[in-house]
Amino acid sequence: MRENPSGDIAGQETETFDRLYRQYATDVLRVCYFYLGDRQKAEDVCQDVFVKLITTHPVLQPDKEKAWLLKVALNRCRDLWRSAWVKRVVLGSPVFELIPAPDEFSRREDEEQVMRAVNALPADFKEVVLLHYYQGFGIEEISEMLNVPMGTVSSRLSRARKKMEAQLKGDE
């Protein structure tokens, strides 16, 4: 924290950090968990994201805070994905703890199949699916977060849906 004789700036930074952590830590953790399929690694990435927030003091626009946090998280997940760790992990692990408790067995089975289909997607497709359908970001926002053209985001979403549909139908 930056020191200030009155303590105002340091106090404001702490309040901002606390607010952002309370608001977005769960979203960051979930995106990381879906991306990596490993709770411990997801928790590590989530911690890294908030450590980066507190150590770099980025200037965040009020309506872009979540986008910045998720962008940092996805970048860190990609780094782990490329590392030797991923080569030792079997992807597609169960994600039961993040799926709301279903009212009926068939619904739970459907949700599990969809999550397996999402986890089976290539990283680029998985990112846009998680950001669009799970986090509710629009194509333009995802384009800014990932630094890719809007057409690329739209194309990835379309191709991801087709791949998931084929997998869910048993074509793949």
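The values are calculated or read from the model by the stated rules, or taken from the named source; none is laboratory data. If you're wondering where the values come from, they're calculated on a predicted model, not measured in any experiment. All Cβ positions, glycine included, derive from the backbone under ideal geometry; neighbour counts span all protein chains shown.
For region 34-59, how many residues meet the condition of being under 17 Å from Leu130 (Cα atoms) and either surrounded by 18 or more Cβ atoms within 10 Å (Cβ to Cβ) or outside the structural domain of Lys71 (by TED's automatic domain parsing) (or both)?
So the answer is 8.
Within region 113-154, which residues are touching a helix residue (DSSP H, G or I) at 6+ places or on another chain (Cβ under 9 Å), free of Cβ contacts under 8 Å to residues at least 12 places away in the same chain and small (Gly, Ala, Ser)?
Listed by number, the residues that qualify are Gly138, Ser143, Gly151.
Would you confirm whether any residue within region 76-94 is in a helix (DSSP H, G or I), at pLDDT 85 or above, within 25 Å of Asp44 (Cα to Cα) and not assigned by TED's automatic domain parsing to the domain that holds Arg161? Reasoning before the result, please.
Looking only at region 76-94, we keep the residues that are in a helix (DSSP H, G or I), and these are 76-82, 84-88.
Next cut, at pLDDT 85 or above only: 76-77.
Then keep just the ones that are within 25 Å of Asp44 (Cα to Cα); that gives 76-77.
In the following step, the residues that additionally are not assigned by TED's automatic domain parsing to the domain that holds Arg161 were identified as 76-77.
So far as region 76-94 goes, yes, one or more of its residues are in a helix (DSSP H, G or I), at pLDDT 85 or above, within 25 Å of Asp44 (Cα to Cα) and not assigned by TED's automatic domain parsing to the domain that holds Arg161.
Which ones in region 130-145 are in a helix (DSSP H, G or I) and surrounded by fewer than 20 Cβ atoms within 10 Å (Cβ to Cβ)?
To start, the set of residues in region 130-145 that are in a helix (DSSP H, G or I) comprises 130-134, 139-145.
Residues satisfying the conditions are His132, Tyr133, Tyr134, Ile139, Glu140, Ser143, Glu144.
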